[in-house]
Amino acid sequence: MTHMIQGYSRTNDPDVFDTIAYVTFQELATRISHRNTGKYTREPLCERLLSRIATDENLHMVFYRNLLAAALELAPERTMAAIWGAVSDFKMPGSTIDNFGRRSLQIAMAGIYDLRIHHDEVLMPVVRQLGLLTLTGLSAPAAAHQDALGKFLEDADAKATRFETRRAANEARRAESR
Ligand SMILES: [Fe+2]
């Protein structure tokens with residue numbers, strides 16, 4: 001309840017570019033995590049309910065992604081900076097809840113939302129749809145953010161693979177001890 005009353009702000013002073021960039025990724029992240037939570041329950045009614053919510057989240061994402069595409073056309077330098085900020089420091093709105101670290105690890109171990117999903121199903125689809133890594137004619141600061149984004153994504157991909165390997169080893173150990 002405290003969390004609901006306090007609300008959530010990613011940065012202390014976000015402007016419209018920061019906000020649109022953040023919510024584009026965040027709405028997609030909620031779509032994926034709601035859908036996967038439903039599947040995890042193996043409870044048909046819960047699955048249907050969360051699938052319905054995930055459909056709405058997708059519409060929110062498309063709306064914000066369209067705004068982000070328009071912002072990129074109008075103000076590419078400011079928008080690339082906002083995208084870099086949103087991607088490089090991405091946190092879900094629940095990150096200020098008590099024990100979020102422990103909870104998010106449980107969520108990752110359950111395969112509901114982990115770095116592989118974040119990279120493959122949240123970051124990359126938006127990056128590809130907006131052509132963020134292939135945009136040309138950018139100013140020097142925007143090109144630097146584009147470059148940083150490319151490196152960040154490669155790094156996230158490698159970290160995701162390391163996490164998957166650790167999780168698989170963990171699961172194998174647990175299966176052996178059963
Ligand atoms: Fe939403």
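Points worth noting:
- Residues of segment 103-132 that turn out to be assigned to a loop (DSSP other than H, G, I, E, B) and either in contact (Cβ under 8 Å) with a residue 24 or more places away in the chain or touching a Lys or Arg at 6+ places or on another chain (Cβ under 6 Å) (or both), as a count: 7
- Criterion: on the phi < 0 side of the Ramachandran plot, modelled with pLDDT under 95 and touching an Asp or Glu at 6+ places or on another chain (Cβ under 8 Å) - qualifying residue of 86, 142, 108: 108
- Residue match in segment 51-60 (condition: modelled with pLDDT of 95 or more and small (Gly, Ala, Ser)): yes
- Boolean, residue 74 is within 16 Å of the ligand (Cβ to nearest atom) and surrounded by fewer than 13 Cβ atoms within 10 Å (Cβ to Cβ): no
- Candidates 154, 164, filtered to the one that is without any contact (Cβ under 8 Å) to a residue 60 or more places away in the chain, part of a helix (DSSP H, G or I) and within 26 Å of residue 65 (Cα to Cα): 154
- The one condition from (1) surrounded by fewer than 16 Cβ atoms within 10 Å (Cβ to Cβ); (2) away from the ligand (no atom under 14 Å from the Cβ); (3) assigned to a helix (DSSP H, G or I) that residue 137 does not meet is (3).
- Test: residue in segment 12-21 that is away from the ligand (no atom under 16 Å from the Cβ), among the polar types (S, T, N, Q) and either closer than 24 Å to residue 153 by Cα or assigned to a helix (DSSP H, G or I) (or both): no
- Inter-residue pairs, beta-carbon under 8 Å, first more than 13 Å from residue 20 (Cα to Cα) and in segment 72-84, second of a type in the set (A, V, I, L, M, F, W, C) and surrounded by fewer than 18 Cβ atoms within 10 Å (Cβ to Cβ), 6+ apart: 76/135; 76/138; 77/138
The values are calculated or read from the model by the stated rules, or taken from the named source; none is laboratory data. What you see is a predicted model; the values in this text were computed from it and never measured. Cβ: placed from backbone, ideal geometry, glycine included. Neighbour counts: every protein chain shown.
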